[in-house]
Amino acid sequence: MSVLVVGLSHRTTPVPVLERVAVADADRGKVLDQLLKAPSVSEAVLLSTCNRVEVYAVVETFHGGMNEVVEVLARQAGAEPADLFEHLYVHYSAAAVEHLFSVAGGLDSMVVGEAQILGQLRNSYNAADEQGVVGRTLHELVQHALRVGKRVHTETDIDHAGASVVSEALADAATALGGLEGRKALIVGAGSMGGLAAAHLRRAGIGEVVIANRTPANGERLATALRADGVSATSTGLAGLADEVAKADVLFACTGSVGTVVGAEHIGDRAPDRPLVVCDLGLPKDVDPAATLLDHVRVVDLETLQRRLSDAPTGQGTLRAAEIVAEEVRAYLAGQRSAGVTPTVTALRKRAAEVVDAELLRLDSRLPELPAPVRDELAKTVRRVVDKLLHTPTVRVKELAAAPGGAGYAEALRELFGLDPQAPSAVSTPHSTQPKGEKR
């Protein structure tokens, strides 16, 4: 069983295709369930953000797992698998680990260094874990990736390369409006992106913020947090959207919904002295594309940002972050290789203990008159000799297994000592009758 990554991102895929494949929060459980029903898949995590859709899966075979994951993504997009293949990237085993660590470190983001991906990765893991589709492999891998991301942001200045797509979009708005200080903003959507937009607007000195959200309680929660920071903020539902848009200078939209939330009719043409900047970071789009044709309305969306940021320069912080990712990949893979030989070492020690017990029992039957103190001392001596003989080879085999190319040492150990080829699983679950590939 190995880790497989199948994904589409801003690096490989036009935004319209990403919009089709994007998985709304409401559909995440359904997609995860479909993944776990695939014969080759035993664990899965789905990461769907404004610029990537990725499946991390533990699979029994590479080709079988890849085809099954692509079929699920294509079904979600209402497309044929062939329609997606030219945009897909696939990573397997060690390459999958390196990709995830790069994602967590912000190296694969549209804005290099943005930290929001860490929260998105954590939320994706939590959702999969709550659904019971995460096992030991992905648990250990994702938790390690989260630590890598934290280390990158702690030990480098990669954050200076760019905070987030949100900050880039709002920087455009500030330029178009001559600054955001004292302006009025409308945020449609109170999720993580909406919260991030609110934080940026507050730091920019925004005068007033209205949160429009389908669930009033969530909108009011974000408005309350803004008021606590000294910002004039209110919340509302979506019914009066047109009235709120008419009063806004900046409209930020990212709801996670499937389909348009803000129509061109909600916006309408604007007067020259009342321009509107629309920041649409929804995937799929939250704002009707026809809004780009309205007078004095400027739309900043993911396609705009994708074109601008695709060739963005990187600095020393990025180079150091890449070094950290490489170090962590080596450490993780070494740990996995070392852990892989542990069950075999356990099986060897168990076999040795069984041999010692059998020989001591034979000694008892041959010399029943042997005094108990002598018998006990002999038993201790024999066990001590066996432990000393096994100590160096078992410690050394773990060290050798941790090195690149060390995967064969466990097999050699089983062959040399005549251990059951299935010894690792037999030791951990000696009476298990669970069929191969059975899911949790």
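The figures follow:
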item	result
Strands (runs of 3 or more DSSP E) contained in the range 175-266 and holding at least 2 residues in contact with a strand residue (DSSP E or B) (Cβ under 6 Å, 6 or more places away or on another chain) and crowded, with 24+ Cβ neighbours inside 10 Å	184-188, 208-212, 250-253
Residue list for the range 106-140, restricted to those being touching a strand residue (DSSP E or B) at 6+ places or on another chain (Cβ under 7 Å), of a type in the set (A, V, I, L, M) and over 23 Å from Arg320 (Cβ atoms)	Ala128, Val133, Val134, Leu138
Extreme residue, nearest to Arg330 (Cα to Cα), among residues of the range 64-112 that are of a type in the set (S, T, N, Q) and in a helix (DSSP H, G or I)	Ser102
From the options Glu168, Glu140, residue that is charged (D, E, K, R), closer than 21 Å to Ile117 by Cα and touching a helix residue (DSSP H, G or I) at 6+ places or on another chain (Cβ under 6 Å)	Glu168
Filter result for Gly132 (surrounded by fewer than 22 Cβ atoms within 10 Å (Cβ to Cβ) and not in a helix (DSSP H, G or I))	yes
Unique match (being closer than 22 Å to Asp288 by Cα, surrounded by 20 or more Cβ atoms within 10 Å (Cβ to Cβ) and in contact (Cβ under 8 Å) with a residue 12 or more places away in the chain) among Leu47, Leu73, Leu18	Leu18
Condition met for Val97 (touching a Pro at 6+ places or on another chain (Cβ under 8 Å) and surrounded by 18 or more Cβ atoms within 10 Å (Cβ to Cβ))	no
Any chance Val59 is at pLDDT 95 or above, buried (at least 23 other Cβ atoms within 10 Å of the Cβ) and farther than 25 Å from Asp288 by Cα	yes
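The values are calculated or read from the model by the stated rules, or taken from the named source; none is laboratory data. Computed from a predicted model, the values in this text were never measured in an experiment. Because the Cβ atoms are built from the backbone with ideal geometry, glycine has one as well, and the counts that use them run over all protein chains shown.
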